[in-house]
């Protein structure tokens, strides 16, 4: 019964110990509840962000397809313009070649007539 005689001295410190144990249990339970709420909110946010990310990726892919199609169209236009310019350059080269040959023929004809005139002039000068 020595315990009974010391019981009045232990009750005040035991009450404090019980209060601390109760406070710790209460805080752990509250923290656990808050943590589960937090985790649930975090899962919901991750789902929302994942959905947003999927939507952004889809928008980005569509934008890339649009830009690519537009630039491919512009490149095709440039190729057509280049082909037309190359065709025109070949036509101009052919026209220049025809002009050059015509000039050569004209110069040959002029030289021929100069020789004829020169021979006639030379025969008259000698007489």
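None of the figures in this text is laboratory data; all of them are computed from the coordinates on show. Computed from a prediction, not measured in an experiment: that's the story for all the values here. Here the Cβ positions follow ideal geometry from the backbone for every residue, glycine too, while neighbour counts run over all protein chains shown.
Along the Cα→Cβ direction, 7 angstrom out, place labels at residue 51 and residue 78. What is the inter-label distance in nm?
4.3
If I model a spin label as a point 7 Å beyond the Cα along the Cα-Cβ vector, how far apart are those points for residue 85 and residue 23 in nm?
The modelled label-to-label distance comes out at 8.6 nm.
Compute the distance in nm between two label points, each set 7 Å from the Cα along the Cα-to-Cβ direction, one at residue 43 and one at residue 64.
Taking the simple label geometry, residue 43 and residue 64 are separated by 3.3 nm.
For segment 67-127, build the convex hull from the C-alpha positions and give me its volume per residue in Å³.
On the way: hull volume 2.4 nm³, N = 61.
Each residue corresponds to 40 Å³ of Cα convex hull volume.
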